[in-house]
1. Please specify each residue of the range 505-530 satisfying the condition of being over 36 Å from the mean Cα position of the chain (by Cα) and surrounded by 15 or more Cβ atoms within 10 Å (Cβ to Cβ).
2. Here are some residues: H53, H63. Which one is touching a residue at least 24 places away in the same chain (Cβ under 8 Å) and over 21 Å from the mean Cα position of the chain (by Cα)?
3. If a residue has to be in a helix (DSSP H, G or I) and either buried (at least 19 other Cβ atoms within 10 Å of the Cβ) or under 29 Å from the mean Cα position of the chain (by Cα) (or both) to count, how many in the range 300-315 make the cut?
4. Do the conditions hold for A265, that is, is it at pLDDT 95 or above and assigned by TED's automatic domain parsing to the domain that holds G170?
5. Picking from E411, E388, E426, which residue would you name as being under 22 Å from A92 (Cα atoms) and of a type in the set (D, E, K, R)?
6. With respect to L354, is the statement that it is in contact with a Lys or Arg (Cβ under 7 Å, 6 or more places away or on another chain), crowded, with 19+ Cβ neighbours inside 10 Å and within 22 Å of F149 (Cα to Cα) true?
7. List every residue pair whose Cβ atoms sit under 7 Å apart, with the two residues 6 or more apart in sequence or on different chains, where the first one lies in the range 174-186 and is closer than 22 Å to R245 by Cβ and the second, anywhere, is modelled with pLDDT under 95 and in a helix (DSSP H, G or I).
8. Only one of these is in contact with a helix residue (DSSP H, G or I) (Cβ under 7 Å, 6 or more places away or on another chain), on the phi < 0 side of the Ramachandran plot, of a type outside the set (F, W, Y) and not assigned by TED's automatic domain parsing to the domain that holds R245: A469, A447. Name it.
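The values are calculated or read from the model by the stated rules, or taken from the named source; none is laboratory data. All values reported here derive from a predicted model rather than from experimental measurement. Here the Cβ positions follow ideal geometry from the backbone for every residue, glycine too, while neighbour counts run over all protein chains shown.
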Amino acid sequence: MRSVVLGAALVAFMTAPTLTHLASVGRLDTNDGRFSIWNVAWVAHAMLDPAAHVFDANIFAPHRGTLAYSELNLVAGVLGLPWYAATGDPLAAHNGAVFVALCLAFVLMSQLVRRLTGSEGAGLVAATAFTFCPYMSARTAHVQLLLIFVFPLVMIAFHHFAARPGPVRGALVGGALAIAALACGYYGIFAGCLLGLVALVAARGSWRYWGGLGVAAAVTAGLVLPVFMSYQQARLASGATPEVRPLSGAYAANLSAWLTSGAFAHEWWLPALAAWQPWKEVLFPGGVLVVLAAMGLQAARRDGRVRPLVVLYGLVAVVAFWASFGPDAGLYRVMHAVIPGMTMLRAPARLGILVVFALAVIAGVAVARLEVRWRALPAILVVLLVAELGVRTPEWGWPSWPLRERPPLDEAYVRLATLPRGTLLEFPFPYVSSDFHNHAQWMFWSAYHWQPLVNGYSDLIPPDFYDIALPINAFPSAESFALARARHVRYVLWHIDRYDEAGRAVLADRLGPFAPYLRPIVKTPDTWLYEIVGWPS
């Protein structure tokens, strides 16, 4: 119970204003952040609306199965579901999901280390170091990468199984791994690698052990494969060529990444670090955690009782650290060749979270030993970790996350939420492929009305989207009307404030000849919303 209360309080404090401004802030300064908010809100909305199908997201109309064009984020959507049901707000759904996910990470990590060390204080220290590590505050725009609770979840299930192997406990391991796979593709594969490594190190010649692991594999496959098959079928139905992820070190860690942090306490060394070697990722585990982990390693040299545990998690840290440097370091190249699913990944550096996870367990060993002499030490260490790992932003001060206030909801979006269902075409319509990510801004705002969109952005882009992207910008014209009719467009929205004076004049000239086919619904200095009421021959 103490871990739940402390975890919730620390998450609310360290990620401010995520909870205090639940329905008004988000990573609205990046398209990845907007995409994540839309994604979580769509899954929650589809689960509450009997007429919606979760895979048939409201983008790239009239295509279906469009949620599968990128990561599904089903688990994040489930975590955001109660918040969305209570508020109907996409930002509340996303921020609520993040809050719950981080609370789960704190509680599960605390319980894992408490189980392994017998110390509640050690669990609270390890949970603080893990949940608020610099890796996390650098990934606030990617909701799936915030679901790190899956690692302690899988390892709790494994240690429970290893203590008394059997089919029932094996099934629990499989269920935990399935949750990891459905939470985040990267973390599902990483958790599978983690589980495989520790299962081999802890292997025994018992049929109950290996049979239980077989049950775990079967349960994972039974839960994940149906979703994965639907995911693959939807992607193939798009007509797009499946993206091939070649072996590349473009998103691998370098040495400076392991010293880089966005925490306020670490800002002072970033200029010198950048001058030495520009970093590719943010992976510094934190100074307090590194010191405590070193003390845990030292404890293993002296105490044979904790040595197997420290060796096990030390091996995890070494393997993950080595692999994070990508194919040039060798190990990741082997993993890419032999581990199923690794070919779908492109960012080896994300293995860094496993290093932090393993170091936190080892640090817990040190804290458990030191706590015997200094009972207040865990509380002091939690305070030190909070002081070290807090992030400062100009908008919110210290500690806070880099969130932005949502602008007022435009009148056009308010009206769209009340209008009959119909496909919406929104302008400007980015037409250069390198600018397609800017469609995410219209995706975000669509979460306030849920009308189908011709616009869209994802990892996979259907071929006909490339074909229409440029000519549809001529709307209204004879050709663009035909494109709109083929996509069953009913509403057209122009963000007039995005056009210069010449652009507005051109648009006004175009509208004249097609006025009989377009009924104005909203006309403000910022937006023009029209309904198509007829089609020119």
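1. L507, L511, F514, Y517, L518, I521
2. On the way: H53 fails: touching a residue at least 24 places away in the same chain (Cβ under 8 Å).
After applying the criteria, what remains is H63.
3. Our first condition is that a residue be in a helix (DSSP H, G or I); within the range 300-315, this holds for 300-302, 307-315.
Applying the additional criterion that residues be either buried (at least 19 other Cβ atoms within 10 Å of the Cβ) or under 29 Å from the mean Cα position of the chain (by Cα) (or both) yields 300, 310, 312-315.
Qualifying residue count, the range 300-315: 6.
4. On the way: at pLDDT 95 or above: yes; assigned by TED's automatic domain parsing to the domain that holds G170: yes.
It is true that A265 is at pLDDT 95 or above and assigned by TED's automatic domain parsing to the domain that holds G170.
5. Values: E388 fails: under 22 Å from A92 (Cα atoms); E426 fails: under 22 Å from A92 (Cα atoms).
Of the residues listed, the single one that is under 22 Å from A92 (Cα atoms) and of a type in the set (D, E, K, R) is E411.
6. On the way: in contact with a Lys or Arg (Cβ under 7 Å, 6 or more places away or on another chain): no; crowded, with 19+ Cβ neighbours inside 10 Å: yes; within 22 Å of F149 (Cα to Cα): yes.
Here the answer is no, as L354 does not meet what is asked.
7. G185/M344
8. Details: A469 fails: in contact with a helix residue (DSSP H, G or I) (Cβ under 7 Å, 6 or more places away or on another chain).
Exactly one residue qualifies, and that residue is A447.
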